[in-house]
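**Student:** Got a structure here, written out as structure tokens. Questions coming.
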Amino acid sequence: MIRPVDARFVTTAVAPEGYPPGGQPEIAFVGRSNVGKSSMINVLSGRKKLVRVSNTPGRTRTLNFFDVDLMRGDERRTVRFADLPGYGFAKVAKTERATWEKMITTYLEQRAELRGVVSILDAEVGPTPDDVRTLGYLQKAERPTLVVATKLDRLAKARRKPKLRSMAEVLGVDPAWVVGFSATEKLGLSEVLDAVWELTGMGDTSVDPT
Ligand code: GDP
């Protein structure tokens with residue numbers, strides 16, 4: 001079992017000049033605005049208020065970096081979490097949307113430390129066109145991706161497994177890489193932490209940005 005033992009905020013950035021110097025293996029979290037990304041990072045890091053949970057969608061307009069110390073048995077590992085700005089918030093101007101998109105794609109293309117991406121969907125809503133587009137992008141960029149369907153608590157228990165299976169099918173991803181999660185009921189926590197551990201234990205999987 002993997003457990004978080006400590007976590008801290010590192011820095012905020014909008015462009016590569018501002019990314020923190022490397023060293024730690026990094027996992028990025030992407031998702032639609034208001035999908036439950038902040039709540040998920042808080043639960044995974046074992047800290048209730050590491051990331052501010054906001055009821056105002058579209059507010060996080062920077063990349064935020066956190067270091068999370070994980071332990072498996074006696075083995076300790078620091079993983080850097082990159083919280084990417086939420087996409088797909090309907091009420092923003094086109095230019096602002098383009099700025100976000102650039103921020104996210106630049107990071108995903110250039111960040112050498114990046115070992116994997118957690119792509120967050122709403123289990124009840126299912127994949128939105130923006131989610132499908134993001135996943136397609138991640139596949140093209142050859143970034144190992146774990147799909148995490150959050151707010152699973154909102155689905156009746158009997159609907160959960162079939163919904164996750166159909167999501168994997170619709171998205172064209174291996175069902176083993178689609179995990180259900182709930183921040184409120186702490187569901188799927190060990191599956192996501194296992195995947196984070198697995199991804200960050202691999203060798204350098206960075207892609208050549210050229
Ligand atoms: P973010 O914008 O993606 O960072 O989303 P937040 O973590 O701020 O959450 C957005 C809203 O969804 C808040 O009102 C949360 O309380 C709620 N929320 C987040 N995770 C869950 C969950 O697992 N289950 C339920 N039922 N609500 C959640």
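The values are calculated or read from the model by the stated rules, or taken from the named source; none is laboratory data. Predicted, not measured: the structure shown is a model, and the values here were computed from it. Note that we place each Cβ from the backbone using ideal geometry, even for glycine, and neighbour counts take in every protein chain shown. Heads up: the accessible areas ignore ligands, DNA and RNA and are worked out on the full protein's heavy atoms, side chains in. Shrake-Rupley method; radii C 1.70, N 1.55, O 1.52, S 1.80 Å.
**Student:** I'd like the residue in the stretch 139-153 that is part of a helix (DSSP H, G or I) and within 16 Å of the ligand (Cβ to nearest atom) and, out of all such residues, is farthest from the chain's Cα centre (by Cα).
**Tutor:** Checking each candidate, the answer is D153.
**Student:** Surrounded by fewer than 18 Cβ atoms within 10 Å (Cβ to Cβ), of a type outside the set (S, T, Y) and within 16 Å of the chain's Cα centre (by Cα): is that true of G136 in this structure?
**Tutor:** yes
**Student:** When the residues of the stretch 154-177 are narrowed to those that are within 16 Å of the ligand (Cβ to nearest atom) and over 19 Å from the mean Cα position of the chain (by Cα), which ends up most open to solvent (accessible area, probe 1.4 Å)?
**Tutor:** By that ranking, first place goes to K157.
**Student:** Name, by its number, the condition in (1) open to solvent by 40 Å² or more (accessible area, probe 1.4 Å); (2) of a type in the set (D, E); (3) touching a Leu at 6+ places or on another chain (Cβ under 7 Å) that does not hold for D131.
**Tutor:** (1)
**Student:** For R32, are the conditions met, namely being buried (at least 19 other Cβ atoms within 10 Å of the Cβ) and at pLDDT below 95?
**Tutor:** In short, yes.
**Student:** Restricting attention to the stretch 139-153, report how many residues are in contact with a helix residue (DSSP H, G or I) (Cβ under 8 Å, 6 or more places away or on another chain) and open to solvent by 20 Å² or more (accessible area, probe 1.4 Å).
**Tutor:** Counting residues in the stretch 139-153 that are in contact with a helix residue (DSSP H, G or I) (Cβ under 8 Å, 6 or more places away or on another chain) and open to solvent by 20 Å² or more (accessible area, probe 1.4 Å) gives 3.
**Student:** OK, next. Report, by residue number, each residue of the stretch 24-51 that is under 21 Å from T105 (Cα atoms) and either assigned to a strand (DSSP E or B) or more than 10 Å from the ligand (Cβ to nearest atom) (or both).
**Tutor:** Q24, P25, E26, I27, A28, F29, V30, G31, R32
**Student:** Here is a follow-up. Could you tell me which numbered condition S190 fails, if it satisfies all but one of (1) surrounded by fewer than 21 Cβ atoms within 10 Å (Cβ to Cβ); (2) assigned to a strand (DSSP E or B)?
**Tutor:** Exception for S190: condition (2).
**Student:** Same structure again: Would you confirm, using the coordinates I've provided, whether A13 is among the hydrophobic types (A, V, I, L, M, F, W, C), surrounded by fewer than 23 Cβ atoms within 10 Å (Cβ to Cβ) and farther than 29 Å from D153 by Cβ? If you could, list the steps in order and put the result at the bottom.
**Tutor:** Numbers: among the hydrophobic types (A, V, I, L, M, F, W, C): yes; surrounded by fewer than 23 Cβ atoms within 10 Å (Cβ to Cβ): yes; farther than 29 Å from D153 by Cβ: yes.
Spelling it out, A13 is indeed among the hydrophobic types (A, V, I, L, M, F, W, C), surrounded by fewer than 23 Cβ atoms within 10 Å (Cβ to Cβ) and farther than 29 Å from D153 by Cβ.
**Student:** Search the stretch 35-54 for residues being open to solvent by 20 Å² or more (accessible area, probe 1.4 Å) and of a type in the set (A, V, I, L, M, F, W, C), and hand back the single one that is modelled with the highest pLDDT.
**Tutor:** Among residues in the stretch 35-54 that are open to solvent by 20 Å² or more (accessible area, probe 1.4 Å) and of a type in the set (A, V, I, L, M, F, W, C), the one modelled with the highest pLDDT is V43.
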